[in-house]
Structure formats: C-alpha cells, structure tokens
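Engineer: Mind looking over this structure? Questions follow.
Every read-out reported here was derived from the displayed coordinates using simple, explicitly stated rules and does not represent laboratory data. Just so we're clear, the structure is a prediction, and the values are computed from it rather than from any experiment. Cβ coordinates were reconstructed from backbone atoms using ideal geometry, including for glycine residues, and neighbour counts include every protein chain displayed.
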C-alpha cells in the first residue's frame, strides 16, 4: 500500500514522513510516524507471555517476565531523532503564541487495560455473552477475558505496548510546556481520552476516530458492550464507542477546541445520514473537558 505524500527533497522520503503544518496564529499540526522508522517489534501475548512452574509444579503464566519485557526502557514507537524534532516543533509553536498544538499520530495513546468482566457480571451472564460471540472469535474472546483479569493492556500494538517510550514522549510535552491535542486512528473505534503520565499528571487530550467502514473488535464480538466496559475499567477513557463508523470534525478557536464525533447511519447503502454521536469540548484556559 502506498500513501502518496510530498517528499521534502528528491529521495528524502524519511525526512518527509514526520512534518508540521501551521495555521496562522491559531494552531500547529505535527504529523508523526510510529510504524516504520523508530518502532521496536511489538509484543504478542501468544508469543511473549510464557509459562513457568508454579508452587505446586503446575505451569502458570510468568507475568513478572512479561511485564519486564513490556517495560523494557528500550521499547519505543518514535525514536530519539523524531522525538527531539517534535519537542522543538511544539516549543516553537508555543513561542509563536499559537494556542493549540495538535499531534497527528497513528495509534491510541491512552493507558487502556482490558476489562475484567468478572467483576461486574455473574458467571451466567458471562456465559450468555459467550453464546452471542461468533464461533470464529470465541476462543480469542475467552482468552482475552482470562488475560484481562490480570490487568494486562487491551492492545499491545498501541502505545500501551511501549510504556517507556510513551513516558519519554510525555516528558517531551512537559519540557515544551504544552498539553497538545492528540489525534489517533487504527482502532476502528471512537475514543475521548484524558492522557496522564505514570505519576498521574495530565499531559494531553486524545481524540480517536473510528473507521470509514472497517469493523472494530467490538463489531467482531457482537453484543458485548465493549466500549462501556473499557470506560468503566479505565480512568483515562472518558468515552469509547466500538460500533459507530465515521470521522471526527475538529474545530479550533482561540479559547476552545471542539471535537464532533460524526457517525453515518449505515455503511451498506445510499443515501445515508450523518449525525454527531458526541460533541466534546476542551477549554484552552484550564484544559477542562466538557461533554463527557
């Protein structure tokens, strides 16, 4: 697949992948790259979560070894060269007096653990949900329910698979003196997230857009209310909808940002209607989020 973008100079494609756009004295948009140039190999539960002998000699999951891999300081999505460039761009935008810095980023940045449904549902209710899952996904769903009881990340392919790299990025935000708006895709779901670092300090607001037509994990597992479960399990997740398809319309004024999560009534026929699933505002003065 080839995404046509303008090269910075003939043959200088790498330099063009991360780039900035400035909109007068209002906003700067920094487009970053997290898939090719600085990305450590992603972890996978079926490969990296291994077993060890338990106290009774029976095998148990080696969570300690997995968390050591996950939190390895060398794990990164962006790399130092691009991160330093981004820090300079953010600081320069603030120095120019622009009230908004917007980060165009591929994957969800929020800290999102998988929901432990055993805390809120009875065994009979869990089995009822299992019966609604399409057979092709039932084994994966059952495995996920088991893993999520242990507080493991929902998606290792997002920034949750690179916690040390995310903390370095948040430190760059802090050093530049900004709390940007982070835009995310890839998940095929709508998100509104309040991003915080490992110490609980607020670092950014994230808006994640759904797909144009592609199914989400929530679509694949049918009637399970995944978006609501993720909201309940995670302080950073202020809103999540795993079913609606559409786009985000982001409107910026000097004192306020508004993200309209726009959904289409159907992806299977014409004509269709476009309506706002949710409107969320961010006040520039104090960073408060309204509408969720």
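Engineer: Any residue in segment 126-148 that's assigned to a helix (DSSP H, G or I): show its pairings with residues that are loosely packed, with under 12 Cβ neighbours inside 10 Å at Cβ separation under 6 Å, as long as the two are six or more apart or on different chains.
Structural biologist: Going by the 6 Å Cβ cut-off, the qualifying pairs are 132/223.
Engineer: Got at least one residue in segment 194-212 being more than 29 Å from residue 121 (Cβ to Cβ), in contact (Cβ under 8 Å) with a residue 60 or more places away in the chain and more than 13 Å from the chain's Cα centre (by Cα)?
Structural biologist: yes
Engineer: While we're looking at this one, here's another question. List the strands (runs of 3 or more DSSP E) inside segment 13-60, counting only whole elements, that have at least 3 residues being more than 13 Å from residue 86 (Cα to Cα).
Structural biologist: The qualifying strands (runs of 3 or more DSSP E) are 51-53.
Engineer: If you take the residues of segment 61-76 that are touching a residue at least 24 places away in the same chain (Cβ under 8 Å) and assigned to a loop (DSSP other than H, G, I, E, B), which of them is nearest to residue 186 (Cα to Cα)?
Structural biologist: 76
Engineer: Determine whether segment 83-105 contains at least one residue that is in a loop (DSSP other than H, G, I, E, B), in contact (Cβ under 8 Å) with a residue 60 or more places away in the chain and farther than 29 Å from residue 257 by Cβ. Full working, then the answer.
Structural biologist: First pass over segment 83-105, keeping only residues in a loop (DSSP other than H, G, I, E, B): 96-99, 105.
Subset that is in contact (Cβ under 8 Å) with a residue 60 or more places away in the chain: 96-99, 105.
This time we only want the ones that are farther than 29 Å from residue 257 by Cβ, so: none.
No, the conditions are met nowhere in segment 83-105.
Engineer: If you don't mind, there's one more thing I want to ask. Could you go through segment 210-229 and let me know if any residue there is part of a strand (DSSP E or B), in contact with a strand residue (DSSP E or B) (Cβ under 8 Å, 6 or more places away or on another chain) and crowded, with 19+ Cβ neighbours inside 10 Å. Steps first, answer last, please.
Structural biologist: Taking segment 210-229 first, the residues part of a strand (DSSP E or B) are none.
No, every residue in segment 210-229 fails to be part of a strand (DSSP E or B), in contact with a strand residue (DSSP E or B) (Cβ under 8 Å, 6 or more places away or on another chain) and crowded, with 19+ Cβ neighbours inside 10 Å.
Engineer: Now for a separate question. Does residue 261 count as within 15 Å of residue 183 (Cα to Cα) and surrounded by fewer than 19 Cβ atoms within 10 Å (Cβ to Cβ)? Spell out the reasoning first.
Structural biologist: Numbers: within 15 Å of residue 183 (Cα to Cα): yes; surrounded by fewer than 19 Cβ atoms within 10 Å (Cβ to Cβ): no.
No: the conditions fail for residue 261.
Engineer: Could you please find all residues in segment 14-35 being within 14 Å of residue 158 (Cα to Cα) and surrounded by fewer than 18 Cβ atoms within 10 Å (Cβ to Cβ)?
Structural biologist: Result: 35, single match.
Engineer: Taking the options 141, 154, 148, name whichever one is farther than 30 Å from residue 95 by Cβ and either surrounded by fewer than 14 Cβ atoms within 10 Å (Cβ to Cβ) or within 13 Å of the chain's Cα centre (by Cα) (or both).
Structural biologist: Numbers: 141 fails: either surrounded by fewer than 14 Cβ atoms within 10 Å (Cβ to Cβ) or within 13 Å of the chain's Cα centre (by Cα) (or both); 148 fails: either surrounded by fewer than 14 Cβ atoms within 10 Å (Cβ to Cβ) or within 13 Å of the chain's Cα centre (by Cα) (or both).
Of 141, 154, 148, the one residue that is farther than 30 Å from residue 95 by Cβ and either surrounded by fewer than 14 Cβ atoms within 10 Å (Cβ to Cβ) or within 13 Å of the chain's Cα centre (by Cα) (or both) is 154.
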